[in-house]
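Participant: Input: one structure, supplied below.
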Amino acid sequence: MNDPSPPTRTAHPERVGYLLGIGAYAYWGFLPIYFKMVKSVEPIAIVAQRVVWSLLVLSFLVGAVRGWPAVRKALANRRARSLLALSALLIAVNWLFYVYAVNSGHILAGSLGYYLNPLANILLGRFFLKEKVSRLQWIAVAIAAAGIAVLAAGALGQLWISLILCASFSSYGLVRKIVAADALTGLAIETGFLLPAALTYLVLTHVPDSPLLAPTPHVSLLLGLSGIISTIPLLLFAGAARRLPYSTLGMLQFLAPTLQFLLAVFLYGEPFTRAHAIAFAAIWTALALYVAALFTAARRERLSKEGEAVMLGEC
């Protein structure tokens with residue numbers, strides 16, 4: 001009697017990876033709600049508090065995984081140290097302008113910036129990493145550029161926010177791709193580099209009405225939780241990255257700006273103009289082509305591997 005074969009366990013890590021990835025990007029998608037809750041605090045103060053509390057959480061995590069030798073090794077490497085200093089500056093700029101975008105009523109501009117990010121990665125990969133760009137990807141970039149041109153003509157007042165967020169985060173990703181440090185080590189070092197500036201700001205603004213002394217105990221508690229709030233999605237993302245193909249993560253990343261878009265329009269009532277509609281339609285079309293290019297590349301790679309396996313079998 002032939003028993004049905006038991007279910008394989010190989011699918012389980014991928015299923016967990018999907019859950020972790022969706023959790024990370026959904027978390028980032030709803031993060032504007034948190035920043036709206038501390039809207040009474042200046043954006044630079046929120047970022048400063050985020051640096052201080054995040055470093056405490058990251059230090060605990062590095063100690064828990066016995067990662068201090070990796071931190072010392074990265075700091076001893078001159079090139080890694082310089083690149084992490086640059087990535088620290090880039091992520092600080094990204095954090096600052098994102099908090100500003102949320103609390104100034106420009107979540108829509110923020111979501112556009114993150115929609116543009118994978119398309120910016122195509123250009124950075126082509127010109128800095130000499131990666132091949134398919135015709136479909138070039139068409140996607142061209143369509144996105146057309147959408148940006150329309151937005152520049154009809155909503156120039158917010159476009160700079162989108163472009164700064166896109167440029168800072170895509171450049172940050174490029175630097176982190178080439179630096180010799182894992183995710184947790186790099187993030188801990190970056191945050192450590194930002195700590196002196198954060199502490200200096202908080203000390204210099206230590207007056208009764210300053211952001212350091214938050215207006216209410218409720219806001220003070222929320223700012224104190226910023227370290228955990230910032231670290232949770234990064235840990236979820238790291239877990240997903242270990243279990244899922246990079247192309248799959250590339251598709252999941254659109255969840256965050258989509259949720260931000262929905263929050264902006266339907267929860268916070270930000271104006272959605274004709275220029276926005278044309279620009280977002282162009283971006284979504286470009287992203288559809290981007291995803292199609294990912295599927296095409298993955299299919300070609302799979303067929304290539306299958307062909308090699310057949311040839312080896314014949315030999």
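Participant: Once Rh is set to the Kirkwood radius over Cα pairs, what Stokes-Einstein translational diffusion coefficient, in µm²/s, holds for the stretch 1-113 at a temperature of 25 °C and a viscosity of 0.890 mPa s? Can you show the working numbers first?
Facilitator: On the way: Rh = 17.7 Å.
It diffuses with D of about 138 µm²/s by this estimate.
Participant: Between the stretch 44-61 and the stretch 243-297, what's the alpha-carbon centroid distance in Å?
Facilitator: The stretch 44-61 and the stretch 243-297 have Cα centres separated by 29 Å.
Participant: Continuing with the same structure: Counting other beta carbons within 10 Å of each Cβ, put 290, 268 in order, fewest first.
Facilitator: Values: 290 24, 268 14.
Listed from fewest to most nearby Cβ atoms, that is 268, 290.
Participant: Rounded to the nearest 0.05, what FRET efficiency do residue 285 and residue 85 give with R0 = 25 Å and r taken as the Cβ-Cβ distance? Could you check?
Facilitator: Working: r = 38 Å, r/R0 = 1.52.
For residue 285 and residue 85, the calculated efficiency is 0.05.
Participant: For the chain, max minus min Cα coordinate along each principal axis, in Å, sorted largest first?
Facilitator: Rounded to whole Å, the extents work out to 78, 53, 49 Å.
Participant: Using 0.36 nm per residue of separation minus the Cα-Cα distance, give me the extension gain between residue 16 and residue 138 in nm, one decimal.
Facilitator: Numbers: separation 122, 0.36 × 122 = 43.92 nm, distance 3.34 nm.
Gain on extension, residue 16 to residue 138, equals 40.6 nm.
Participant: Further, regarding this structure: Would you order 305, 130 from fewest to most other beta-carbon atoms within 10 Å of each residue's own beta-carbon?
Facilitator: Details: 305 10, 130 7.
Sorted ascending by nearby Cβ count, the order is 130, 305.
Participant: Here is a follow-up. Dividing the alpha-carbon radius of gyration of the stretch 230-304 by 2.2 N^0.38 Å (N being the number of residues), what value is obtained? Mind showing how you got there, number by number?
Facilitator: Values: Rg = 16.0 Å, N = 75, 2.2 N^0.38 = 11.3 Å.
Taking N as the residue count of the stretch 230-304, the ratio is 1.41.
Participant: With just the Cα atoms of the stretch 65-119, tell me how far they stretch along each of the three principal axes, in Å, largest first.
Facilitator: Taking max minus min along each principal axis of the Cα atoms, the stretch 65-119 gives 43, 23, 19 Å.
Participant: A further question on this structure: At 0.890 mPa s and 25 °C, plugging the Kirkwood radius over alpha-carbon pairs of the stretch 135-174 into Stokes-Einstein gives what diffusion coefficient in µm²/s? Let's see the in-between values first.
Facilitator: Details: Rh = 11.1 Å.
Diffusion coefficient, whole number: 220 µm²/s.
Participant: What's log10 of I(q)/I(0) for the stretch 66-203 at q = 0.11, 0.19 Å⁻¹, Debye sum over Cα points only, no solvent?
Facilitator: -0.50, -1.11
Participant: Calculate the spin-label point distance for residue 39 paired with residue 61, positioning each point 7 Å from the Cα along the beta-carbon direction, and give it in nanometres.
Facilitator: 2.9
Participant: Would you calculate the separation in nanometres between label points at residue 220 and residue 267, each defined as 7 Å from the Cα along the Cα-to-beta-carbon direction?
Facilitator: So the label points at residue 220 and residue 267 sit 2.7 nm apart.
Participant: Counting other C-beta atoms within 10 Å, and keeping those with at most 12, which DSSP coil trypsin sites (Lys or Arg not before Pro) do you find in the stretch 65-97?
Facilitator: When the trypsin sites (Lys or Arg not before Pro) of the stretch 65-97 are filtered for loop state and at most 12 Cβ neighbours within 10 Å, 66 remain.
Participant: Is there a quick way to get the dipole size of the stretch 48-131? I mean about its Cα centre, with the Cβ of Lys and Arg at +1 and of Asp and Glu at -1; what is the value in debye to the nearest 20?
Facilitator: Working: 9 positive and 1 negative charges, 102 e Å.
It works out to roughly 500 debye.
Participant: Going by how many other beta carbons lie within 10 Å of each one, how would you line up 171, 162, fewest first? Intermediate values should be presented prior to the final figure.
Facilitator: Numbers: 171 21, 162 26.
Exposure proxy ranking, most exposed first: 171, 162.
All of the numbers you see were taken from the coordinates with simple rules; none came from a lab. Model, not experiment: these values are computed from the prediction. Glycine gets a Cβ as well: all are built from the backbone with ideal geometry, and neighbour counts include every protein chain shown.
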